[in-house]
Structures are given as C-alpha cells and as structure tokens.
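> Dropping a structure here in structure tokens format, bear with me for questions.
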Amino acid sequence: MTATSQDKPTPVAAILFIFASGLLFSFLDSSAKYLVLSGMDAVFVSWCRFAGHAVLVFIMFRGWSNFSIFKTRSLPLQIVRGVFLFGSTIFNFLALRQLQLAETMSIAFFAPMIITALAGPLLGEWAGWRRWMAVLVGLLGVLVITRPGFGSFSLGHLCALASAVSYSLYVLMTRKMSVKESTESLIFYSAMAPMVLMAPALPYTVSAPPHAWAWVLLASLGIFGGVGHYFIILAYRRATVTALAPYPYLQIVWMILLGWLVFQQLPDLWTVAGAGIIALSGLYIVRREHVLRVQNRAALLAETEELAKKR
C-alpha cells in the first residue's frame, strides 16, 4: 500500500522556503517601520516597495523576451487585485508608525479568519459552524491585543485591521484568478498596478532618505517583498497548504527579535496571549478544511466505485 501525499513528510525545502519568506517579510516590515519613523512618507515608501518589486520580477522572468508576464485575461481584475495588495501594504506601514512589529503581525494573522468569513459571499465557499466558531475565537484574540475601551485601541490598530482585510480580499481574488491567469502575470501586475496608480501622488509624498543606510533599506524593500512572495510560490509547489500551515506563524518570532534588536521593543503579555489565540484559531480552520477535503474525496471515490459496480 503506497502512502498518499498527505502521509508523506513535508519536504525540507518547502519548510525552508516558508522560513525564508517569513524572514524576508519581517525585514520588509522592520525596514518600512524604520524609514517611516525617520520621517519618510508612508505612501512614498510603499511606492518604492512596489517599484522595486516590479523591476525585480521583470528581471527574474526575463520580461524583455518572456511576454507571458504581460498577458492577462482581465486587466481590470488585475488592477483591483493590485489595489488590495497596496491597501494591505500602506495600511500596514501606517500601523507600524504606532505599533510594535509583533502587534501588527499578530493582527495580520487574523487574515485567515477574514478569508473564511468572506469566502462564502464572494466565492460561494460557505463555512460550517465549527469554522465560524474559530473565526469568533480569532476575533477574541484581536480584541485581547487591541483591548478597545481600555485605553489601548488606537489608529494604529485600526490600520492593522484594515491591512488584514485588504490582504484577505487580495488572497480571495488570487484564488479566483489563479485558475485563468499565469503565475508570472499575477506576480507582475500585483506590483505594477499599485505602482502606476500611486504615481500621481509622488510629487506630494516624495522625500529623500535622511542618510546612506536609509537609501540601502529603501532600495531593499522590493527585494524583500518580491523574493518573499516568490519563495512562497516555491514552497507551495512542493507541499500542500495544510502541511505548511503551522510554519508561517513562526514569523512572529522574527518580528519579536527584530523589534527588540532594532527598536528595543518587546510585546506585552496581552499581545502574546492574543497572538496565541489567533494562531490556534487559524490552525484549526486550516485543519478543518483539510478534514473536509479528505471527506469529500472519500465520498467521491465511493460514489465512483458504486457507479462502476452498476455497469
């Protein structure tokens, strides 16, 4: 009896790609926080992140000869998807101005619950009561972190939540469009669309980095973001979403370390407790979806066998 893909151990390469992507995204957030706190406009920093991303993707996929990165079935949908990714980035950068790295990342982990809630009305993928309970538990984790009504909730928390919602809509559109659009075009337009749409705001937001190190960080944003997204694609080509589900939550470790090393900040117990609640809720949702997929496959196999017997 051969092992199924679910019985096989998760490839080490896939785990390493997830680790590397989380580390790169942590570098992206900490660099953006450093630049924004140094006085640079968050909109301009976001534009530089997407401009660097677009240039990097163009070079990686040899855009001068590989025209598949430009081919798309629906340019309007590509633009809307890019706008959602931009919203996720700009709101996150604004949140980082006020919140610790660990706080923004903990709230960002609420995205899987938002995706579960929105997948029904937007994609027709309705969740059962167990997953809805997990969504409510995840919301409880967010409330533990933000503590509205206790003097803790701020504009930064609101921006972090807006970032999670924007990212969730970006993921839902990616899921819907990935069936018809190429990987190259999805990566390219997700950077190109916000870069072009934000261009009119550049004259009002452009600002020179205050010193040489800031120039290095600004130039690195596109590399951190572009390579990080590429590593995620490489990881999920080697392993299933279920197999890799626990590993992205380890990004909170990188964020805590960078917050301590760069900004001398450590999360309080409320943030740690809320992050743990959100992580457990997200893992339960992924596990529940895996169980449902296995049950559906088993039911389909049984139905096929019954039809074969009747022939």
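The values are calculated or read from the model by the stated rules, or taken from the named source; none is laboratory data. Quick caveat: nothing in here was measured; it's all calculated off a predicted structure. Cβ placement follows ideal geometry from the backbone for every residue including glycine, while neighbour counts extend to all protein chains displayed. Quick note on the areas: whole protein, heavy atoms, side chains included, nothing else; ligands and nucleic acids left out. Shrake-Rupley method; radii C 1.70, N 1.55, O 1.52, S 1.80 Å.
> In whole Hz, what ³J(HN,Hα) sequence does segment 270-278 give by Karplus (6.51, -1.76, 1.60; θ = phi - 60°), x for Gly and Pro?
Those phi angles translate into 5, 5, 4, 5, x, 4, x, 5, 5 Hz.
> Lys/Arg Cβ at +1, Asp/Glu Cβ at -1, dipole of segment 127-234 taken about the Cα centre: which of I145, S220, A134 is farthest positive-ward?
Going by the charge dipole, the pick is A134.
> Rank these by accessible area, largest first, 1.4 Å probe: H211, H229.
Correct descending sequence by accessible area is H211, H229.
> Let me ask something additional. Can you tell me the dipole magnitude for segment 59-149 around its Cα centre, using point charges on the Cβ only (Lys, Arg +1; Asp, Glu -1), in Debye to the nearest 20?
With only Lys, Arg, Asp and Glu charged at Cβ, the dipole is about 220 debye.
> Next up: Enumerate the calculated ³J(HN,Hα) couplings along segment 103-113 in order (Karplus 6.51 cos²θ - 1.76 cosθ + 1.60, θ = phi - 60°), each rounded to whole Hz, writing x wherever the residue is Gly or Pro.
Per residue, the Karplus-derived 3J(HN,Hα) values read 5, 5, 5, 4, 5, 4, 5, 6, 4, x, 6 Hz.
> Here's something else I'd like to know. Is the C-alpha gyration tensor of segment 93-142 telling us rounded, prolate or oblate? Criteria: a/c under 1.5 is rounded; beyond that, a/b larger than b/c is prolate, otherwise oblate.
Taking the square roots of the gyration eigenvalues as a ≥ b ≥ c, segment 93-142 is oblate.
> Continuing with this model, one more query. Could you tell me whether segment 175-223 comes out rounded, prolate or oblate from its Cα gyration tensor? Rule is a ≥ b ≥ c as square roots of the eigenvalues, rounded for a/c under 1.5, then prolate if a/b exceeds b/c, otherwise oblate.
oblate
> May I ask you to evaluate 6.51 cos²θ - 1.76 cosθ + 1.60, the Karplus curve with θ = phi - 60°, for each residue of segment 28-40 and list the ³J(HN,Hα) values in order in whole Hz, giving x for glycine and proline?
Each residue of segment 28-40 in turn: 4, 5, 5, 5, 5, 4, 4, 5, 5, 5, 6, x, 7 Hz.
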